[in-house]
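The structure appears right after this line, and notes come after that.
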């Protein structure tokens, strides 16, 4: 609905801009014609309104303007307003070029250039907020003058070209400022819409998470009691416990999405956290014929962090890597000091990879490249790392694997 509404708004704005363009065109051509007929001819002794070249010029432009108006209103009626500005420009350029070539090659008269319509085309390009159209107008008019000048050997065309360039520079500056202003408004609107969306989803997620967690705790307790009473059936109980833990992780993600709680920062070793997560996920890795290759090279492995939150990030990323390798492979985990005050944790798999166009969407809620994914794990992971003043970088290629790099600020032992 949002995309449809935005598309409708853009079409409406385009139609309004085109209507303004048409009304200005009518007004300017009317005023210009009246001025030319009743004012300019009377005060200028150099102009003889009865000469053939003047008659040809007047009638050609009169019928051209009438034709353009009819075409413009027709396209507006059939909802093709996006073509009007290009039709006006191309028809004007064609008629102006042919007319000037004919007049200045047949009649002996001094070359005079410049038209109020040309200034109109250039000055009013910003109302469409379209750089492409601006370049069509500017380059089209300059090309027209160059063709006339080169064909008829008229050096004076350099004067209108120079004026056009100066006006176009000023117009381009104004167009860029207008586009920047519009983009800032669109960005603010999108951010507001995203915040509203997240707030709504957060309320729903918190409610659902609480409703799930209560019966989940009871099921887990009864399952543990059953394991004590019937230890021989531990195989099925283990599977059920793993699934309960998986549901519990989803619930935790929902709770963080809905109502992020404050961080409980303590000085912890990232190597100890990684070892814990590797042990926790190793059974799943072995079941998928995946081998962990762990290298812990940190000279200063300590950081101020919320241990459970960082564990949750690594669990999400490690399990995603395992899921991405259905045919087995090697899962490389490296921890090293990226700089004096930053630790880098690398998770590199040999899986299916992520298409480049999807990488920037990994932070979006409910977006997942897995068929059975919730789209919460990575979004929550990004949020947790950002809360720790860190960042996540992703490199991936389809069928070649994915590399996640988690950067976290370390604790300088010399400061203690």
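Readers should treat all values here as calculations from the given coordinates under stated rules, not as data from a laboratory. Model, not experiment: these values are computed from the prediction. Every residue, glycine among them, receives a Cβ derived from its backbone with ideal geometry; neighbour counts consider all protein chains shown.
Based on alpha-carbon atoms only, what is the radius of gyration of region 266-415 relative to the globular estimate 2.2 N^0.38 Å? Provide the component values of the computation, followed by the final result.
Numbers: Rg = 14.8 Å, N = 150, 2.2 N^0.38 = 14.8 Å.
Here the Cα radius of gyration is 1.00 times the empirical estimate.
Please give the peptides 286-294, 377-385 ranked by average Cβ packing (other Cβ atoms within 10 Å per residue), highest first, as a rough proxy for protection. Numbers along the way, then the final one.
Details: 286-294: 13.7, 377-385: 22.3.
Final packing ranking: 377-385, 286-294.
Let me check against my output: what whole-number percent is the relative contact order of region 266-415, with C-alpha pairs under 8 Å and at least 6 apart? Display every interim value, and only then the final one.
On the way: 295 pairs, mean separation 39.3, N = 150.
Worked out over region 266-415, it gives 26 percent.
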